[in-house]
Amino acid sequence: GSGSREAVERLVRAHPVVVFMKGSPAQPLCGFSNAVVQILRLHGVEDYRAHDVLQDPDLRQGIKNYSNWPTIPQVYLNGEFVGGCDILLQMHQNGDLVEELKKLGIRSALLDAEKEKDQDKK
């Protein structure tokens with residue numbers, strides 16, 4: 001089924017950025033899922049796979065078993081489990097997320113935002 005280790009592994013490896021959440025990016029159904037969507041949006045990451053665990057109880061349990069992490073949302077970069085909302089927020093604040101995205105060949109929109117700020121100072 002969709003919750004088997006093999007099935008989950010296929011999902012996390014199917015795309016450089018994969019999010020397991022409640023609801024969809026357009027309509028997140030919990031505050032933590034919403035926070036993950038907002039953080040990705042801040043970085044200009046629009047191209048990612050989002051899986052709604054509310055649609056699929058098997059997957060909801062399967063992803064928790066796979067990552068050994070008890071809560072949703074869960075973020076995967078390049079097939080590696082990164083963490084949930086709190087970890088993503090921390091990475092966002094300390095600059096690690098920009099670096100991790102760079103490794104995937106994704107340029108964070110925040111870098112361009114920083115440049116524009118510097119332009120304003122001149």
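The values are calculated or read from the model by the stated rules, or taken from the named source; none is laboratory data. Fair warning: this is a prediction, and the values are worked out from it, not measured in the lab. Cβ coordinates were reconstructed from backbone atoms using ideal geometry, including for glycine residues, and neighbour counts include every protein chain displayed. When the accessible area is computed, the model is the full protein with side chains, heavy atoms only, and any ligands, DNA or RNA have been set aside. Shrake-Rupley method; radii C 1.70, N 1.55, O 1.52, S 1.80 Å.
Things worth noting here:
Residue by residue, here is whether (1) touching a Pro at 6+ places or on another chain (Cβ under 9 Å); (2) in contact (Cβ under 8 Å) with a residue 12 or more places away in the chain; (3) within 14 Å of VAL19 (Cα to Cα); (4) loosely packed, with under 13 Cβ neighbours inside 10 Å holds:
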{"position": "SER67", "(1), (2), (3), (4)": "no, yes, yes, no"}
{"position": "PRO70", "(1), (2), (3), (4)": "no, no, no, yes"}
{"position": "PRO73", "(1), (2), (3), (4)": "yes, yes, yes, no"}
{"position": "LEU77", "(1), (2), (3), (4)": "yes, yes, yes, no"}
{"position": "PHE81", "(1), (2), (3), (4)": "no, yes, yes, no"}
{"position": "LEU88", "(1), (2), (3), (4)": "yes, yes, yes, no"}
{"position": "GLY95", "(1), (2), (3), (4)": "no, no, no, yes"}
{"position": "GLU114", "(1), (2), (3), (4)": "no, no, no, yes"}
{"position": "ASP120", "(1), (2), (3), (4)": "no, no, no, yes"}
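- Considered as a group, the residues in region 21-30 that are in contact (Cβ under 8 Å) with a residue 12 or more places away in the chain and outside any loop (DSSP other than H, G, I, E, B) include one that is nearest to LEU104 (Cα to Cα), and that residue is MET21.
- Residues satisfying the stated conditions in region 11-20, i.e. crowded, with 18+ Cβ neighbours inside 10 Å and in a loop (DSSP other than H, G, I, E, B): PRO16
- Residue selected from region 21-49 under the condition touching a Gly at 6+ places or on another chain (Cβ under 9 Å) and over 14 Å from LEU89 (Cα atoms), by the criterion least open to solvent (accessible area, probe 1.4 Å): CYS30
- Checklist (1) within 25 Å of LEU29 (Cβ to Cβ); (2) of a type outside the set (Asp, Glu); (3) free of Cβ contacts under 8 Å to residues at least 60 places away in the same chain; (4) assigned to a helix (DSSP H, G or I) applied to LYS102, failing item: (1)
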